[in-house]
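Have a look at the structure below, then the notes.
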Amino acid sequence: LLAQACHVLYHQGHEHFFLGHVSARAPTAGQVWVKPTGFGLEEVGPEHMLLADLDGNKLEGEWNLHTEMPIHTAIYKARPDVNAVVHTHAFHAAGLSASRASFQMVSQDSILVGEVPCYPSAELVESAALGAALASALGDSRAILMKNHGLTAVGSSIEQAVVRAVSLERSCRTQLAAAQLGGVVPIAPEELGRMSARLGANQAREQAIWRYLVRACGRG
Ligand SMILES: [Zn+2]
C-alpha cells in the first residue's frame, strides 16, 4: 500500500527527482514503515520500504532513510489520530508556498483538505526541533504548505493522506490559475459550509477517490 501510494503520487505530478516520501505507522507501536531516499516515487516497491522508530533510527531494510524523517516522527508523536504522512515537493504547492498568497478555498479539492496553514521556513526539516515546529504549525489540520518547499499531508490511513496530498496540489494549481486570470474569488462562505459538510472528511468519498487514483495510475 505504501509503494502504491508513492506510485499514485508520482502519477499525480508530485515527482521531484528521488525526493518526496510517504510513511505509515507499523503494527508495532512506535514504529513506522517509510520510503527510502535515492529512489523516485515511481521506482519503489514493497521490497524497498524501511522500518524505523520514532527517533528516526532505521530498524530494518537495505536502503537509507530520508534526512527529513523528523517530518514523520514529530507528527506521529504529536498526532495520535495520524497513521500516515505524505511529504512531497509538488510543483503547484511549492509555487503557492513561494508566493505572498495563502491557501484559499477555490474548488472541491480545497474542501477535502480544509484550512491549510503554512510552515514559514524553507530549511530542510532534519532535526527533532524543526520537526516539532512543523507539527506545531500543522496543529489539527489535515495538511500544511511548507514555504519555498512543498507540502505535508496526514491521514488516519495511507489512502486518506494521499487523497489529501493530491487534493491540496490540485487546489493550489487551481488557485494559481485563478490568480493569473486577475484575482482569486474563493467559494462563498455560505456555500462553503454546506459543501464542507458533504465533501470534507468523508471517508467513503476519500476511499472512492483513492480507488480511482490507483486505477488511473495503472492505465499509465
Ligand atoms: Zn522536502
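A few comments on the model shown:
- The figure for residue 217 is an accessible area of roughly 30 square angstrom, using a 1.4 Å probe on the protein chains alone.
- Taking a ≥ b ≥ c as the square roots of the eigenvalues of the Cα gyration tensor, the range 129-220 is rounded, since a/c falls below 1.5.
- GNM on the chain, alpha-carbon springs under 10 angstrom: the most fluctuating residue among 163, 85, 125 is 125.
- For the chain, carbon and sulfur atoms together expose 53% of the accessible surface, with a 1.4 angstrom probe and every protein chain in place.
- Gaussian network model of the chain, Cα within-10 Å springs - most flexible of 20, 114, 183: 183
- Cα gyration tensor shape of the range 81-156, rounded if a/c is under 1.5, else prolate or oblate by comparing a/b with b/c: oblate
- In degrees, nearest ten, helix 203-218 long axis to first principal axis of the chain (Cα): 70
- Its alpha carbons considered, the chain gives a radius of gyration followed by a Dmax of 16.4, 52 Å.
- Surface per residue (accessible, 1.4 Å probe) for the chain, Å²: 46
- For the range 181-220: rounded, prolate or oblate by the Cα gyration tensor [a/c cutoff 1.5]: oblate
- Computed from Cα positions, the angle between helix 158-180 and the longest principal axis of the chain comes to roughly 40 degrees.
- Rounded tilt (10° steps) of 189-199 against the dominant C-alpha axis of the chain: 40
The values are calculated or read from the model by the stated rules, or taken from the named source; none is laboratory data. Bear in mind that the values here come from a model prediction, so they are computed numbers and not experimental data. Note: areas computed on protein heavy atoms with side chains; ligands, DNA, RNA excluded. Shrake-Rupley method; radii C 1.70, N 1.55, O 1.52, S 1.80 Å.
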